[in-house]
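Before any comments, here is the structure.
The values are calculated or read from the model by the stated rules, or taken from the named source; none is laboratory data. As the structure is a computational prediction, the values presented were derived from the model and not from experiment. Neighbour counts are summed over all protein chains in view; Cβ atoms, including those assigned to glycine, are modelled from backbone coordinates with ideal geometry.
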Amino acid sequence: MRTVKNSSLVFVLTLIFAFTTFSQVQTTKPISKSNVKKQSFPEFSIAPTGGAIFPTSKEFRNDFKPGGIAGLDLGLKINKEVALYGKFTYMFLSSKKSGAPIGQYMEFSAGPRYYFTHPKLKSQVYFEGGAGAYYFKQNSYINPEDNTQTVDQVSTTNAGINGGIGASLFLTPSISILAKTKYHNIFTRTGSIGFMTVNAGLEFTIR
């Protein structure tokens, strides 16, 4: 648990440092009026991302190690502060049980995104919340403690919610660096499963 908290803290501090650095550059660098274009809405964005997943709930943490993620974010910015997004994420985790295959999560979620803006800055910090479906799969395998016993395949789909913070760091009028960390809570028949994700990618804006 301490490792998860430390990883999250390092990511958040890095996020703040990066945003502050970009902010200072963009605030002090003179911008030619001839190059300034009026921002128009709605704006559509697409962002391929990658990162890591960290199990946080006790049961999930006992069964799996931290793993990797890859995904695609789609966004529709309605105005300077509000946007809607949809995302697909594939996550994989190595099992802590000897001989067991990897656990795989596929997330399909959507929700609102609120940007904290400043008139002199193009880079932005935002809060993101969402809800959706989480599909989990783990293939069947032979129990290493009893070679005559086969552990059945697990394949379930459950509803879940998520929320976290992120930043869109301006590079060009159409390309930004997207970085965020989120907590996910998935509802199961016996309770819930929790994990944290940290990911980043390039965000392409289409106007």
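Can you pull out every residue in the range 152-167 that is under 21 Å from Ala179 (Cα atoms) and either surrounded by fewer than 14 Cβ atoms within 10 Å (Cβ to Cβ) or under 12 Å from the mean Cα position of the chain (by Cα) (or both)? Answer for the range 152-167, where residues must be under 21 Å from Ala179 (Cα atoms) and either surrounded by fewer than 14 Cβ atoms within 10 Å (Cβ to Cβ) or under 12 Å from the mean Cα position of the chain (by Cα) (or both): Asn162, Gly163, Gly164, Ile165, Gly166, Ala167.
In the range 126-144, of all residues being in contact (Cβ under 8 Å) with a residue 40 or more places away in the chain and more than 18 Å from the chain's Cα centre (by Cα), the one that is nearest to Ser45 (Cα to Cα) corresponds to Gln138.
Residues that are in a strand (DSSP E or B) and loosely packed, with under 14 Cβ neighbours inside 10 Å were ranked within the range 176-197; the one that is nearest to the chain's Cα centre (by Cα) is Phe187.
Per-residue answers, yes or no, for (1) more than 24 Å from Pro66 (Cα to Cα); (2) aliphatic (A, V, I, L, M); (3) touching a residue at least 60 places away in the same chain (Cβ under 8 Å):
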residue: Met91; (1), (2), (3): no, yes, yes
residue: Gly99; (1), (2), (3): no, no, no
residue: Gln124; (1), (2), (3): yes, no, no
residue: Thr156; (1), (2), (3): no, no, no
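Out of everything in the range 88-109 that is under 12 Å from the mean Cα position of the chain (by Cα) and surrounded by 21 or more Cβ atoms within 10 Å (Cβ to Cβ), what residue ends up being nearest to Gly164 (Cα to Cα)? The residue in question is Ser109. Among the residues of the range 63-80, the one identified as in contact with a Leu (Cβ under 7 Å, 6 or more places away or on another chain), buried (at least 16 other Cβ atoms within 10 Å of the Cβ) and hydrophobic (A, V, I, L, M, F, W, C) is Phe64. For residues that are among the polar types (S, T, N, Q) and farther than 25 Å from Ile193 by Cβ, scanning just the range 118-148, find the one that is modelled with the highest pLDDT. Here the residue is Gln124. The strands (runs of 3 or more DSSP E) located wholly in the range 46-152 that include 1 or more residues which are polar (S, T, N, Q) occupy 82-93, 103-116, 124-138. Among the residues of the range 164-190, none is identified as without any contact (Cβ under 8 Å) to a residue 12 or more places away in the chain and either at positive phi or of a type in the set (Phe, Trp, Tyr) (or both).
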